[in-house]
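S.K.: Sharing a structure with you now.
Each value in this text was obtained by applying a stated rule to the coordinates, not by laboratory testing. The shown structure was predicted, so the numbers you read here are calculated from the model rather than taken from an experiment. Cβ sites come from the backbone with ideal geometry, for glycine too, and all protein chains shown count toward neighbours.
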Amino acid sequence: MATAGLSNVRDKISCVFETTVVHDTASKKRPDQPFQVVAAADRLRPDAAFLFNRDSSARPTEKLDGTCTAVREWNGRPWLWARHDRKPNKGAEKRFRAFTSGRRCTLAGGDEDAFVWNVESDFKDVPPGWTAAGSGLPDAGGHIPGWVPIDAKSRTHCWHLSTVDLEDPGVALVLQPQSDSSGLEITLMQLVDLNSCTLELIGTNVNANPYYLGSRQHPIHFLVRHGILQIDAANLRTPESLVDWFNTEMGAVEGIVWHCADESLFKLHRHHLGLKWPIKRPRLVTLPVTVNLESGVGSDILRGREFAGCKLVQSMLKLNGCSFPSLADLKIDTV
């Protein structure tokens, strides 16, 4: 499948429309976030206008509802990293709240009289190995996006760990489009082949499971490379067409992320347009899925390894070669 032209997530991604930060109003998407980001659907960002040109090379892709991860080097080996935003300490948070309480709305990224952070002293300590995901500067909500290597002994990372076997060579359980059909496949990929890529962790215990994966007793989680689920650009030719598109079967997605030739990214979430999410039948669960573990790593690894570090991979081995009408029909309680 084509992966050239896919970009990786670093800092927060800009919305294609001008956005306003509404302070002292909790986010509908993230209850612990004390502000909302509201998009003005009639004001396209000037630097995003080219996305709707007929000759634009930008690639629209499905935005998945999960948590961001990355594969990066750690102690000389490719390793899975979890998103970990560095947050303000109590004193800085109090000052930031006081600063924003008197200014109910501010233009995201465009406020010249913005709060001034001291990156050295205003933020909480971070776990060992933490590294900034992008610029290292706070975003509109006062968080510094970053990564932390998953800890094999930490319950915090238990669902991340369920998708990987870290025995050398490390492998990951990946969901991706099938190369010869319109369906999906579940396969294994070596972490070295995913090095420097960012991926979305989706599954039973992530964001209330909008894709109906597994069950509480038998959870299922996968990694999905960012940008791998492409959208037909012909259906997204004008900003005015977006609301109608989201109400189609193909538009039954959480959002869109455009991958650009210069590696920049733009996004649009259903919430930005006042549309509901999650929905009853997202597009991802309407597609047939096949378990084809050797597709990504070859058969030699499957024959010579027990995958003792990943029970989910062991379960998928028993289903290898099986096909299902949708992800919602994939169950591991009977294997």
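S.K.: Could you give the length gained on full extension between residue 317 and residue 192, defined as 0.36 nm per residue of separation minus the Cα-Cα distance, in nm?
M.R.: 42.9 nm
S.K.: By count of other Cβ within 10 Å, fewest leading, how are 189, 250 ordered?
M.R.: 250, 189
S.K.: Can you sort 322, 260 by how many other beta carbons sit within 10 Å, fewest first?
M.R.: With the fewest neighbours first, 322, 260 line up as 322, 260.
S.K.: Below 8 Å between Cα atoms, with a sequence gap of 6+, how large is the relative contact order for the chain in percent?
M.R.: 23
S.K.: Then there is this: I want the local charge near residue 43. Using Cβ-Cβ distances under 14 Å, sum +1 for each Lys or Arg and -1 for each Asp or Glu among the other residues.
M.R.: With Lys, Arg at +1 and Asp, Glu at -1, the net is -3.
S.K.: Which residue, 281, 83, 270, has the most motion in a Gaussian network model of the chain that connects Cα atoms within less than 10 Å?
M.R.: 281
S.K.: May I ask you to derive the relative contact order of region 259-334, considering only C-alpha pairs under 8 Å and at least 6 residues apart, and to give it as an integer percent?
M.R.: 36
S.K.: Excluding residues on the same chain fewer than 8 positions from residue 276, give the lysines whose Cα lies under 19 Å from its Cα.
M.R.: Output for residue 276: 28, 29, 63, 267.
S.K.: While we're on this one: Considering the chain as a Gaussian network with a 10 Å cut-off on Cα pairs, which listed residue, 153, 280, 87, attains the greatest mean-square fluctuation?
M.R.: Judging by the Gaussian network model, the answer is 153.
S.K.: Give a quick list of GluC sites (Glu not before Pro) in region 138-230 that DSSP marks as loop, anything other than H, G, I, E or B, with at most 13 other Cβ atoms within 10 Å.
M.R.: Loop-located and lightly packed - 167.
S.K.: Quick check: net charge around residue 237, other residues with Cβ under 12 Å of its Cβ, Lys/Arg +1 and Asp/Glu -1?
M.R.: Every neighbour counted, the sum reads -3.
S.K.: Just to confirm the number: angle between the C-alpha axis of helix 90-101 and the first principal axis of the chain, 0 to 90 degrees, nearest 10?
M.R.: Once rounded, the angle reads 60 degrees.
S.K.: Hey, fewest Cβ within 10 Å first, where do 84, 221 land in order?
M.R.: Fewest to most other Cβ atoms nearby, the residues stand as 84, 221.
S.K.: Given 0.36 nm per residue, what is the gain on full extension from residue 139 to residue 275 after removing their alpha carbon distance, in nm?
M.R.: Separation in residues times 0.36 nm, less the Cα-Cα distance, equals 46.5 nm.
S.K.: Can you list the aspartates and glutamates whose alpha carbon is less than 18 Å from that of residue 87, not counting same-chain residues fewer than 8 positions off?
M.R.: 11, 24, 32, 120, 122, 125, 139
S.K.: In Å and on Cα atoms, what radius of gyration and Dmax does the chain show?
M.R.: In order Rg, Dmax, the Cα atoms of the chain give 20.5, 64 Å.
S.K.: Also, quick follow-up: How big is the shadow of the Cα convex hull of region 172-237, averaged over all directions, in nm²?
M.R.: 6.1
S.K.: Another question, if that's okay. For residue 101 and residue 125, what does the FRET efficiency come to when R0 = 22 Å and r is the distance between their Cβ atoms, rounded to the nearest 0.05?
M.R.: About 0.25, to the nearest 0.05.
S.K.: At a threshold of 8 angstrom on Cα-Cα distance, excluding pairs fewer than six apart, so keeping six or more, what relative contact order does region 147-265 reach in percent?
M.R.: 17
S.K.: Let me ask something else. Would you list which aspartates and glutamates come within 19 Å of residue 331, measuring only between C-alpha atoms, while excluding same-chain residues fewer than 8 positions from it?
M.R.: Within the straight-line cut-off, residue 331 pairs with 185.
S.K.: From the backbone phi of region 184-192, what are the Karplus-calculated ³J(HN,Hα) couplings (6.51 cos²θ - 1.76 cosθ + 1.60, θ = phi - 60°) in whole Hz, Gly and Pro given as x?
M.R.: With the stated coefficients, region 184-192 comes to 10, 9, 9, 9, 9, 9, 5, 4, 5 Hz.
S.K.: So, one more: Below 10 angstrom from the Cβ of residue 306, what's the summed charge of the other residues (Lys, Arg +1; Asp, Glu -1)?
M.R.: After counting each charged neighbour, the total is -1.
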